[in-house]
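Just below is one structure, and these are the notes that go with it.
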Amino acid sequence: MNTHGVWAIYRFEMARSLRTIWQSVATPVITTSLYFVVFGGAIGSRISTVGGVGYGSFIVPGLIMLSLLTQSISNASIGIYFPKFTGTVFELLSAPVTAMEMVAGFVGAAATKSIVLGLLILATSALFVPLHVEHPLAMIAFLVLTSVTFSLFGFIIGIWANGFEQLSVVPALLVTPLTFLGGAFYSIDMLPQPWRTISLFNPVVYLISGFRWSFFGKGDVSIGLSLGVTAAFMVACLLAIAAIFRTGWRLKN
């Protein structure tokens, strides 16, 4: 494995984020604080607990997951789109690095930024509500697995996009609505039928439920099913990326 090549891509992407530290870190943290003020203050005053957990604490995993999904996709898609836009992607394709080494560099940097952001939001949340992580290792595992999976998905979007507008289409029109409808601010057990059953077709439900389980030891679906759905989506993204590099779709033509 060409570790020097992977490290060069990774370091370049991390340096790019440091140049936009306000946009990359401060903005999501401030936005999360506003969510606590609005949702925790307005709704929390009317809903004291959900499943035995205080409402303010209950929404923490959903808020982290909301930022994690959007930032993972954004970081990875922009990371690969700019080389396409400037034409330097051909230098990368002709460099002595394999496709998977290139993906490891871009996706690794995007996932790292998302994980750091998730931990910062977790620390910010502790300023507003009492927090106790019942399964810290599971929480870190879900944080890493989700960041890597959606960074892979963002990498695919960056290759697919033909313009800056398309980079924001999927996060804005698909991922964010699915997150809001996936139990980020409520338990799907609170929904009447048939909406609860319909919610089970939303893949984000399994991500939020598994992450919430790591905090409180309870979720809307089993932890095994949450892990299985997340892992299946990661495999699907890896297969799609392998097909893209094999055919050169949107990269070489």
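Just so you know, all these numbers are worked out from the coordinates, no wet-lab data involved. Computed from a predicted model, the values in this text were never measured in an experiment. Every residue, glycine as well, gets a Cβ built from its backbone with ideal geometry; the counts of neighbours run over all protein chains shown.
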### Task
Using label points projected 7 Å from each Cα along Cα→Cβ, tell me how many nm separate Leu227 and Ala243, to one decimal.
2.8
### Summary
Ranked by GNM mean-square fluctuation in the chain (Cα springs under 10 Å), the top entry among Ile159, Ile47, Ile208 is Ile47
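Listed highest first by mean packing, meaning other Cβ atoms within 10 Å per residue, what order do 227-239, 54-66 come in? Write down the numbers at each step before the final one.
Values: 227-239: 15.5, 54-66: 23.9.
Per-residue Cβ counts within 10 Å, averaged per peptide and sorted highest first, yield 54-66, 227-239.
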### Query
Among the lysines, which fall within straight-line cross-link reach of Lys252, defined as a Cα-Cα distance under 25 Å, with same-chain neighbours fewer than 8 residues apart omitted?
Lys84
### Task
In whole angstrom, note down how far apart the Cα centers of the stretch 131-157 and the stretch 176-247 are.
12
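Return the tail of the calculated pair distribution for the stretch 3-247, meaning the percent of Cα-Cα pairs more than 35 Å apart. Mind dumping the intermediate values first?
Numbers: 4555 of 29890 pairs.
Considering the stretch 3-247, 15 percent of its Cα-Cα pairs are separated by more than 35 Å.
Applying a 10 Å radius around every beta-carbon, put 119-127, 104-112, 82-90, 139-147 in order of their mean neighbour count, most first.
Ranked from most to least packed, the peptides come out as 104-112, 139-147, 119-127, 82-90.
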